[in-house]
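S.K.: Before we start, here is the structure in question, set down as C-alpha cells.
The values are calculated or read from the model by the stated rules, or taken from the named source; none is laboratory data. No experiment lies behind these values; they were computed from the predicted model shown. Here the Cβ is made from the backbone with ideal geometry for all residues, glycine too, and neighbour counts use every protein chain on show.
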Amino acid sequence: MINSALLIRQLGPADRDAYFQLRLRGLKAHPESFGQSYEEALAKGAARHDAMLQGARAAEGDFLLGAYASANAPLIGVVGLLRSQRDKERHKASVVGMYVVPEAAGRGVGRALLNELLARAARIEGLRQIQLMVSSQNEAARRLYQSLGFRKYGCEVDALNVDGVFHDADLMARFM
C-alpha cells in the first residue's frame, strides 16, 4: 500500500532532467504504451517539455505531476494533463505520459498521481471531461483507470506500430 511519506507535486523547471530521464526510461521499457518513441524523445530533447514545466498554463489545465517516495527521494512516477486548445474542445483534457518505475509498482503511486491530477482538474473552470488512451493489453492500467471512474468508449485498432507489431488502444473518458 501507499507509504504515508509519498509526495505528489507539480513538476517545475528544476525537475527537467529527472523528468526527462524517467520519461526516456518509460519509453524504452514500454514502447507500446506511449505515442512517442524513445528515439523521437531523444531527438527532440528535454527542452521540449520546458513550456509545461514552467507551469504558466497549469491553472488552465496543462501540468506535469511527479511522485516521490519522500521529500528528498528520486522521482518514481509521473503523469501529465494536457487541455485541448481548440475553442470547441476546451471542455476536454487528456491524461498523458503516465509512468511509474517498476520498483514502485503496486504501491499506490499511480493511484496517488491520478487522484491528485483529478483533484486539480476538478478545480479548472470549464473542464468537464478527462480522456486517455491505454494499451488494450495493459490490464493493470485499465483496472486502475476504471476504479477511478474512467469508462471505455472505444478502441482504436492498430493505434501504435512498434517495430512492425501493431497495438490496439482503448479510449477512456471520465466526466467531472
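S.K.: Taking the residues in region 4-43 that are among the polar types (S, T, N, Q) and over 20 Å from residue 112 (Cβ atoms) as candidates, determine which candidate is modelled with the highest pLDDT.
M.R.: 21
Let's see how each residue does on (1) surrounded by fewer than 17 Cβ atoms within 10 Å (Cβ to Cβ); (2) at pLDDT 95 or above; (3) not polar (S, T, N, Q):
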position	(1), (2), (3)
121	no, yes, yes
128	yes, yes, yes
152	yes, yes, yes
160	no, no, yes
172	no, yes, yes
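For (1) more than 14 Å from residue 12 (Cα to Cα); (2) touching a strand residue (DSSP E or B) at 6+ places or on another chain (Cβ under 6 Å); (3) touching a residue at least 60 places away in the same chain (Cβ under 8 Å); (4) of a type in the set (A, V, I, L, M, F, W, C), each residue gets a yes or a no:
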site	(1), (2), (3), (4)
46	no, no, no, yes
53	no, no, no, yes
57	no, no, no, no
63	no, yes, no, yes
76	yes, yes, no, yes
82	yes, yes, no, yes
86	yes, no, no, no
97	yes, yes, yes, no
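S.K.: How do the pairs read when you match residues in region 109-129 that are within 11 Å of residue 77 (Cβ to Cβ) with residues anywhere that are in a helix (DSSP H, G or I) and not acidic (Asp, Glu), using Cβ under 7 Å and keeping only pairs 6 or more apart or on different chains?
M.R.: Close Cβ pairs (under 7 Å, with a partner that is in a helix (DSSP H, G or I) and not acidic (Asp, Glu)) amount to 110/144; 111/144.
S.K.: For region 13-45, how many residues are of a type in the set (Gly, Ala, Ser), surrounded by 15 or more Cβ atoms within 10 Å (Cβ to Cβ) and outside any helix (DSSP H, G or I)? Write out each step before concluding.
M.R.: Taking region 13-45 first, the residues of a type in the set (Gly, Ala, Ser) are 14, 18, 26, 29, 33, 35, 37, 41, 43, 45.
Filter again for surrounded by 15 or more Cβ atoms within 10 Å (Cβ to Cβ), leaving 18, 26, 33, 37, 41.
Filter once more, keeping what is outside any helix (DSSP H, G or I): 37.
Of the residues in that region, 1 qualify.
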